[in-house]
Amino acid sequence: MGGNPHNSSELPPFTLTGFSGLGTSQHYVFLLLGTLYTVSIVGNALILFIIKEEQSLHRPMYYFLSLLSVNDLGVSFSTLPTVLATFCFHLQKISFDSCMAQMFFIHLFSFIESGILLVMSFDRYVAICNPLRYATVLTGACVVCLGMAVIIRSFCMVFPLPFLLKRLPFCKANVLSHAYCLHPDLIRLPCGDITINNIYGQFVVICNFGLDSALILLSYVLILRSVLAIASWEERLKTLNTCVSHLCAVLMFYVPMVGVSMVARYGRHAPQYVHTLMSLIYLFVPPMLNPIIYSIKTKEIRRRLHKMFFKPKL
């Protein structure tokens with residue numbers, strides 16, 4: 001749909017997309033989304049509390065896990081207002097500046113999560129392939145430096161995106177494909193030249209998700225080679241078991257992301273609800289399931305949770 005170009009300062013609000021024709025099902029959607037957000041926020045807050053209180057968890061792997069939980073809380077809080085407003089109250093308008101801010105934080109937290117998963121794979125690599133050097137390599141200062149490097153890299157990559165969009169004129173229907181603002185969705189709307197936006201967007205994806213996933217894969221190839229050198233089958237399983245939680249977190253992050261990308265690129269003729277459903281899976285699955293998986297697979301966290309909720313009777 002064409003029209004007169006608008007500068008970003010005078011741009012009409014964007015329209016977010018939900019499920020059409022909910023009718024009386026609106027209350028069930030509100031209940032479902034509210035439950036998912038509650039599980040995500042409470043679960044990650046509990047992980048942070050337990051790591052803080054449990055002295056045995058004051059180790060590099062759990063410091064990285066606490067950073068992952070903080071990041072997942074950031075994802076939940078940055079998307080909660082528009083998702084609940086769109087699906088539960090049919091408030092689908094969002095201003096340009098609010099949309100840019102939300103886009104910035106969603107992509108920032110996504111890039112940070114990818115970086116955290118990478119440094120967690122490095123932690124597993126050192127613990128399994130060089131266990132005698134673990135304490136000297138992953139010192140407190142090293143953990144802080146790795147965490148800061150992930151955050152600074154992600155911020156520097158995401159920072160130009162709002163400004164690159166703000167310089168463009170908009171003259172199309174400002175209807176987004178999701179209940180929140182994403183850069184690949186927003187660059188479809190301007191009527192100006194988006195070549196720079198496309199090139200920079202692809203560069204950022206390759207430098208973050210592409211490089212991180214390749215290095216994570218390399219770390220697990222080296223881990224697997226080291227594990228296969230262990231003579232005892234029981235010791236192999238015990239060693240691999242220390243990687244299960246991290247592997248699940250990696251799959252839960254990258255598989256929905258690839259699914260959203262594939263649907264956006266090759267599913268142009270798919271019904272709108274498919275795009276919306278895939279975007280919600282990408283949004284909800286990692287922050288909700290990460291604390292559940294680490295609670296199930298980590299003995300110390302499991303024991304502390306049992307002590308908190310099942311206190312012995314006096």
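The values are calculated or read from the model by the stated rules, or taken from the named source; none is laboratory data. In this text the structure is predicted, and so the values were computed from the model without any measurement. No Cβ is skipped: glycine too gets one built from the backbone with ideal geometry, and neighbour counts run over all protein chains shown. Each accessible area value is taken on the protein alone, full model and side chains, heavy atoms only, with ligands, DNA and RNA left out. Shrake-Rupley method; radii C 1.70, N 1.55, O 1.52, S 1.80 Å.
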Self-check item: Principal-axis tilt of helix 272-297 within the chain, Cα atoms, nearest 10 degrees
Solution: 20 degrees
Quiz prompt | Packing-based ranking, highest mean first, of 104-115, 148-159, 81-92 given that Cβ atoms within 10 Å are counted | solution = 104-115, 81-92, 148-159
Quiz item: What order do you get for 294-300, 121-127 when each peptide is scored by the mean count of other beta carbon atoms within 10 Å, highest first?
Solution: 121-127, 294-300
Practice problem: Using the Cα centre as the reference, give the magnitude of the dipole from point charges on the C-beta atoms of the chain (Lys, Arg: +1; Asp, Glu: -1; all else neutral), rounded to the nearest 20 debye. | Solution: 680 debye
Self-check item: Close Lys-Lys pairs in the chain, where close means Cα under 26 Å and separation is 8 or more or interchain
Solution: 15
Quiz prompt | 3J(HN,Hα) from dihedral phi, segment 217-234, Karplus parametrisation 6.51/-1.76/1.60, rounded to Hz, x for glycine, proline | solution = 4, 4, 4, 6, 5, 5, 5, 5, 4, 5, 5, 5, 7, 6, 6, 7, 5, 5
Quiz prompt | Karplus (6.51, -1.76, 1.60) ³J(HN,Hα), θ = phi - 60°, over segment 41-55, in Hz, Gly and Pro reported as x | solution = 5, 5, x, 5, 5, 5, 4, 5, 5, 5, 5, 5, 7, 8, 4
Practice problem: Restricting things to alpha carbons, tell me how big the chain is in terms of Rg and Dmax, in Å. | Solution: 21.6, 74
Practice problem: Work out the charge dipole of segment 8-162 with +1 on the Cβ of Lys and Arg and -1 on the Cβ of Asp and Glu about the Cα centre, then indicate which of Met120, Ile106, Phe30 is farthest towards its positive end. | Solution: Met120
Exercise. Heavy atoms only, probe 1.4 Å: what % of the accessible area of the chain goes to carbon and sulfur, would you let me know?
Key: 70 percent
Quiz item: Given a cut-off of 12 Å, what percent of all Cα-Cα pairs of segment 139-194 lie beyond it?
Solution: 72 percent
Quiz item: Which Rg and Dmax, in Å, describe the Cα atoms of segment 216-296?
Solution: 17.1, 53
Quiz prompt | Mean separation of Cα contacts under 8 Å (6+ apart) over length of the chain, as relative contact order % | solution = 29 percent
Quiz item: Taking H as built 1.01 Å from N, whose amide H comes closer than 5 Å to the amide H of Ala179, not counting residues under 5 places away?
Solution: Thr17
Quiz item: Per the Debye formula with a single identical scatterer at each Cα and no solvent contribution, what log10 I(q)/I(0) holds for segment 45-126 at q = 0.18 Å⁻¹?
Solution: -0.82
Quiz item: Which value, in debye to the nearest 20, describes the size of the charge dipole of segment 80-214 about its Cα centre when Lys and Arg Cβ atoms bear +1, Asp and Glu Cβ atoms bear -1, and nothing else is charged?
Solution: 120 debye
Quiz prompt | Orphan Cys of the chain, criterion: no other Cys C-beta under 4.7 Å | solution = Cys88, Cys129, Cys142, Cys145, Cys156, Cys207, Cys243, Cys248
Quiz prompt | Accessible area per residue, Å², the chain with all protein chains present, probe 1.4 Å | solution = 52 Å²
Quiz item: What is the magnitude of the charge dipole of segment 182-314 about its Cα centre, with +1 placed on the Cβ of each Lys and Arg, -1 on the Cβ of each Asp and Glu, and no other charges, expressed in debye to the nearest 20?
Solution: 860 debye
Quiz prompt | Positive dipole terminus of the chain, leading residue within Gln55, Leu16, Ile281 (C-beta point charges) | solution = Gln55
